[in-house]
Amino acid sequence: MKKPEMILFDYGQTLVNEAPFDGVKGTEAVLRYCTENKYNMTAEQIQREADAINNELGRFDPARRHLFQVEVPRHMFSSYLYELLGIRISLTPEEEDRIFWDAASPGKPTEGVTEFLDYLNRQGIRTGVISNISYCGQVVEQRIRGLFPWHPFEFILSTSEYMFRKPNKRIFQLALEKAGLEAEKVWYIGDQYECDIVGAAGAGIFPVWYIGAIDMPYTSHKEVLTAGSWEEIRRLL
């Protein structure tokens, strides 16, 4: 373990504590902009079909999602879903993503992260974000920079824009290229063991498992540096 020149962060349940996902609320918000609903589908019916598609793909199954390493941008998913169900929406993909996401899973900074980012800034340690996320990159960047308007993240990588999902090492390699750094000079902090910890280590990046806002059961791994608060990680630095 070496003091890093840069720390890369996961987004959800790491930088930001998101409320539990509620696809029905997100769909209800989008349906306000509906111009055609051929079969008079309700938000609940639409979400059931979305869940069936996601289950078929294995996208969000905690036991299998790390195996799903190619991103499906939400605008592609919703184009198929809505056209299948005879629905038309008068929104751009970016508008639809923002409206759906804000209603389905609003978020706030995790406890202590603003102070931790301030510390990194004072120490001259660079920062960036890699997020497994299907929302448009512009929308993701707007949310993160809106929650941390004072912090100079050098880049925010959304897998919706770059095809590969963590734990695939290609998305980490892209971040290293953008940073202009070798892997041993970088740490990666995230909340998911397979995607964040195994993925970063596979790319040669030192991983830190942040469990301070974890939203699922987890099994500890003795060989992994695990922290329950940002103050623990600051002390390591």
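Taken as a whole, the condition of being loosely packed, with under 12 Cβ neighbours inside 10 Å, more than 16 Å from the chain's Cα centre (by Cα) and at pLDDT 85 or above does not apply to Leu91.
Residues that are surrounded by fewer than 16 Cβ atoms within 10 Å (Cβ to Cβ) and closer than 24 Å to Tyr218 by Cβ within the range 55-87 comprise Asn55, Leu57, Gly58, Phe60, Asp61, Pro62, Ala63, Arg64, Leu67, listed in sequence order. Can you confirm whether His75 is of a type outside the set (A, V, I, L, M, F, W, C), within 18 Å of the chain's Cα centre (by Cα), within 30 Å of Glu154 (Cα to Cα) and at pLDDT below 95? The answer is no for His75. For the range 47-94, the set of residues classified as touching a residue at least 24 places away in the same chain (Cβ under 8 Å) and among the acidic types (Asp, Glu) consists of Glu49, Asp51, Glu71, Glu94, listed by residue number. Checked against the criteria, Gln47 counts as more than 19 Å from the chain's Cα centre (by Cα), over 25 Å from Lys166 (Cβ atoms) and crowded, with 18+ Cβ neighbours inside 10 Å. Remark: Tyr188 falls outside the filter, which requires a residue to be open to solvent by 60 Å² or more (accessible area, probe 1.4 Å) and either aromatic (Phe, Trp, Tyr) or in a strand (DSSP E or B) (or both).
So, in the range 42-67, of the ones that are in contact with a Phe, Trp or Tyr (Cβ under 9 Å, 6 or more places away or on another chain) and outside any helix (DSSP H, G or I), which residue ends up nearest to Asp22 (Cα to Cα)? The qualifying residue nearest to Asp22 (Cα to Cα) is Phe60.
One residue stands out in the range 94-128 among those that are of a type in the set (Lys, Arg) and not in a helix (DSSP H, G or I): the one that is surrounded by the most Cβ atoms within 10 Å (Cβ to Cβ), namely Arg126.
The values are calculated or read from the model by the stated rules, or taken from the named source; none is laboratory data. Predicted, not measured: the structure shown is a model, and the values here were computed from it. Using ideal geometry, Cβ is built from the backbone for each residue, glycine included, and neighbour counts are taken over all protein chains shown. Only protein heavy atoms, including side chains, enter the accessible area calculation; ligands, DNA and RNA are left aside. Shrake-Rupley method; radii C 1.70, N 1.55, O 1.52, S 1.80 Å.
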